[in-house]
1. Return the label of the correct value of Rg and Dmax of the Cα atoms in Å, as calculated from the structure shown, out of (i) 24.7, 91; (ii) 25.7, 87; (iii) 22.3, 67.
2. Can you give me the C-alpha center-to-center distance between the stretch 285-305 and the stretch 474-521, rounded to a whole angstrom?
3. Whole number in Å², please: accessible area per residue of the chain, 1.4 Å probe, ligands, DNA and RNA not counted.
4. Indicate, rounded to the nearest 5 percent, the antiparallel portion of the DSSP beta bridges found entirely in the chain.
5. For Lys143, list the lysines whose Cα falls under 27 Å from its own Cα; do not include residues on the same chain fewer than 8 positions away.
6. Suppose R0 equals 22 Å; then what is the FRET efficiency for His283 and Val335 from their Cβ-Cβ distance, rounded to the nearest 0.05?
7. Nearest 500 deg cm²/dmol is fine: what mean residue ellipticity at 222 nm does the chain get from its DSSP H runs of n ≥ 4 alone, each adding -39,500 (n - 2.57), divided by its residue count?
8. Compute, for Leu524, the solvent-accessible surface of its heavy atoms (probe 1.4 Å) with the complete set of protein chains present, and express it in square angstrom to the nearest 10.
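The values are calculated or read from the model by the stated rules, or taken from the named source; none is laboratory data. Note that the coordinates shown come from a computational prediction; the quantities given were computed from them, not determined experimentally. Cβ placement follows ideal geometry from the backbone for every residue including glycine, while neighbour counts extend to all protein chains displayed. Side chains included, ligands, DNA and RNA excluded: accessible areas come from the protein's heavy atoms. Shrake-Rupley method; radii C 1.70, N 1.55, O 1.52, S 1.80 Å.
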Amino acid sequence: MSPVTRPLARRGLAVGAVVALGAAAAAPAYAAIVGAPITHSASDAALTLTPIGTHETGVFDESAAEIVQFHADTQRLFTVDALAGRVRVLDASDPTVPTEVLELETAGVVAADKSVVPAGAVANSVAVREDGLVLVAVENDPKTDEGWLVFFDAEGDGTALGAVRVGAQPDMVTITPDGTKAVTADEGEPNDDYDVDPEGTVSIVSLPGTVAVPKQSKVRTATFHSYEGSRLPDGVRVFAGIDGANHPVSRNLEPEYVTVDESSTTAYVTLQENNAIAVVDLHTARVTDILPLGAKDLSIEGNGIDASNKDDAINIQTWPIYGLYMPDSIASYSVDGETYLVTANEGDAREWGDYEEPVGYDDLVLCDDNPALGLGSSKKLGKLDFTPESGLSADGSCYEALYAFGARSFSIWTTDGTQVFDSGDDFEQITALAEQDHFNASNTNNELDNRSDNKGPEPEGVTIGEVGGRTYAFVGLERVGGVMVYDVTDPAASSFVTYVNNRDFGIDPEEDLASAGDLGPEGLAFIAAEDSPSGTPLLAVANEVSGTTTLFEITSH
C-alpha cells in the first residue's frame, strides 16, 4: 500500500503537504545548517523544532560526535568523540554558534586501582551532574577488559580528576536524578574472533557530594549470575556463545542503555541483542527482573514496513512476519506517580567470529503453514534479514514464523514490560511524505530505498522533555536522519507532532560534508527553558556520521 493512500490521521499525522523551512524562516546560514531543513508536522502541532546552530568536526563517519550532554551553569555542551577517546567541550552560551573551547582527554589517566587508561581506549558516553561533575565512560583496549569512568570538572581546564574501574565495555553512563549514583551499562561484547566474551554487567558507583573522584570501593557490580541455567525468563534471547565458558547466560546478556526512575531507586537497562530490559535495584546492586519484550506483528494494519530495496519504490505494507523490538536507547518519565519506559526500537544482530546471526529468506526452511511461504522474491521479503534463533518448530525441521531485526518504531512500556503504545509504521509513513525521493536513504549515501531491507529509518536515540506543560519524546532516526517528536503526556494516547531533518539530500557528504547537514543522529539531550542560554527550550543532537552537534530551538504554538 502506498503511504500516500494510507489514512494518516489515526495517530495525529498531518494530511497536508510537506513543509520546508525556507532560508528566510529557518536558522541563520551557518555551515551545516542547511538552507531548507526537511519538516513535516501534524495539522495541530503544538510546537516547532528549528535548527539554529551547529558545531562541525569535519570528520566523516568516524563517530566524532556520538553522545551529547548539557551543563546549565557553564552553558557548555559535552560531546563524545568516540574513537579519539575524548570529549569535546562546546561553549553554547550563544546557541547559534556553539564553539569548541577545550577537550577532555582520557588517555593516560591513572585510576584509583593504579590502572592507566591506554591511548587506544574508546569513549562511549558522558554524563554531567548539576554541580559540574563530569563522567566519561571509557572502554579498554582490548574492549573485553574492564573499562573506566573518568571524572572531570565542567568548569575546569580539561585536566582529569581521576578514574575508577567498571565492567567490560561501559557503553552508557547516567547519573541518578538525586545525583548520588552513577550507573553504567557494561555491554561486555565478545572480541572479533569470538574466543573471549566477558560478562555483561551493570556498575553502580556511589558519587561524592562534591566535584571529586569516588574511591574504588564505591563501585558495586550487578551481575546476571542468578539467571544462569533455566532461570532465565522465556523470550529472553540467549544463544551462540563460547563452548565450556562459565556463566554462559551472563556472557550472552549485553546491557546497552540505562534510565533511572524519578525516585533514584531503580534502573532499567536495555539488553538490545537479547530483546529485553533488565530491572536493577540500585540500593542492593542486584538485578531483580528481566523483562522480555516479545515481537511486533507486522501483519497488522498500521504495522507495515517497506521490506525491499530492490523495487525502487515506496512500498509500505503489512507482511506475515514479526519484528523483534531490540531497543537501543531507553528513557523514562512519570505520570500520576507511575513510571513509563520509552524505547527506540532499533534492532541489532550478533555477528562475531564465525557466528553471523542474520540470514536471508532463502537460508530458512519454512513450514508448510508459514504464512510467509512463497514471498521470497527480492521485491517482497527476499532481501530482508531474519534471525535463525527464533520461530523454529518444536522438532527443529522448519520455521513456523519469521522474525526480522527491529520494529522501526518507538514504544512506551509499563515497568512490568507491558506495552501501552507503539508508533506502528509512522516513521516510514512520515519520512515518505517528507522526502519521498530519498525515502529510507542511509546516513552515508542518498540512495532511495537503500535501507528498506535493513531496519529502515532505524530509530536509535530517545530523550524526554516537558514544554508548555506537555511531555514530549524526541526520537532520532539513525539512517535517513532527523528527529521525530511525539506528545506522550498520555502514554496510551501518544501522538505525532513534528519531524525535522537538517539534511540536504542534494549533497554528496563525501564531497561536501559541511553542506550536507546532519547525518546519523545518535545521542539527544533536552535542555529545559530554565536552563537554556536563549531562555527557550532546546534540543541538542550529536550526529556520529557527519561529526556535527546541532542545537534545535523548540517553539510552542
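1. (iii)
2. 24 Å
3. Details: 19560 Å² over 557 residues.
In whole numbers, the chain has 35 Å² accessible per residue.
4. Working: 136 of 140 bridges.
Here the antiparallel bridges make up roughly 95 percent for the chain.
5. Lys114, Lys181, Lys215, Lys218, Lys455
6. Details: r = 24 Å, r/R0 = 1.09.
My answer for the efficiency is 0.35.
7. Values: 3 runs with 18 residues, N = 557.
Here the helix-only value at 222 nm equals -500 deg cm²/dmol.
8. Result for Leu524: roughly 20 Å² accessible.
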